[in-house]
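First comes the structure, then the notes that go with it.
FYI, it's all coordinate maths here, none of it is from the lab. Bear in mind that the values here come from a model prediction, so they are computed numbers and not experimental data. Quick reminder, even Gly has a Cβ in these numbers, built from the backbone with ideal geometry, and neighbours come from all protein chains shown.
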Amino acid sequence: MRRTLFAAGMVMVLTVVSIAGATAQEISVFGGVMRNSETHTDPYVWQLEYMQGMSDHFAWSFSYLNEGHVPEHHRDGPLFQFWARTDVGQRLSLGAGIGPYYYFDTTGASQGASYANDHGWGAVFSLAATWRVGGRWLMELRGNWVRTGSGADNISALAGIGYELEAPPVSEERYSPEKPACNEVTLFFGQTIVNSFNSDKSTAAAIEYRRDFADLPLAWTATWLYEGDNGVERRNGLMTQLWLQRAFFDDRVTLGIGGGPFVVVDTYRPKDDETVVGVFSITAGYRLSAHWIMRLSWNRVVTNYNSDADVILAGLGYRF
């Protein structure tokens, strides 16, 4: 049950921090190489990050970190950090960050199984140098040191590009009169990728109801998700999530993270295993008009029976 509620708890923490401070906001993507302490290999590593300033010298960030593929380990997960930053001149900024990392690791299994899904907590220490290229564009060099209690420790060097987002609109109402309500129904299609060494795939589909809370950067969803049949799992069910979200560019673009429980029926699931699993998600929406929206969502399903999966969905929604 702790894994089931983990992402919803993370959303609530980020909500409190977000309401407390809402200055400059940045979104960045990084790529680089990593040194693994056990295998001494140098696989790729990449990271997608949203950062929000709290003051001139402090910020928080939320990231998805993928540590690449090393022998017997495919590790990734969400990362939350607090940052201290200082400007050196007009263009250069230096920063240091620290925070918890909840990882998902596809590892070798015992007792004849081909793989296992391991979950756990770690910490990430980071140093960063950011150069303001011009306009809203940023270039950044970053070093990450990942420490975990049971897995390998990794040191990585990354380079990235970022963009400063405009602050959320300040007005009496969140949406303009052309956007009459905060309800949304979206039909999705996409792909399920099992967190195995073979990355077994199947076709996925979902239908989702979303309700925005106009006075808070929050939303709630109820979703029926069908993950398809890939030979490892044939799973469908109802999930509900609480979301932290921000709107940018006159409310045309929305970014959000969410999490909550997923009540599942899985034909291949052992009878003694759980029927309520966890789900952690990231979404981006683009409004085509006052009523129509395109939405892209990535969902990580977290289980206790070695059937974790990524479900990537694209859909068209109607707002009313």
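Values as computed for the structure displayed
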item: Simple spin-label estimate for F320 and V276 in nanometres, 7 Å along Cα-Cβ; result: 3.1
item: Fully extended contour minus Cα-Cα distance, from A290 to E164, at 0.36 nm per residue; result: 42.8 nm
item: Whole-number percent relative contact order across region 183-319, with pairs defined as alpha carbons under 8 Å at least 6 apart; result: 24
item: Residue-count net charge about G228 - beta-carbon cut-off 12 Å; Lys, Arg +1, Asp, Glu -1; result: -2
item: Net charge of neighbours whose Cβ lies under 10 Å from the Cβ of E26, counting Lys and Arg as +1 and Asp and Glu as -1; result: -2
item: Separation of alpha-carbon centers, region 87-145 and region 262-320, rounded to whole Å; result: 24
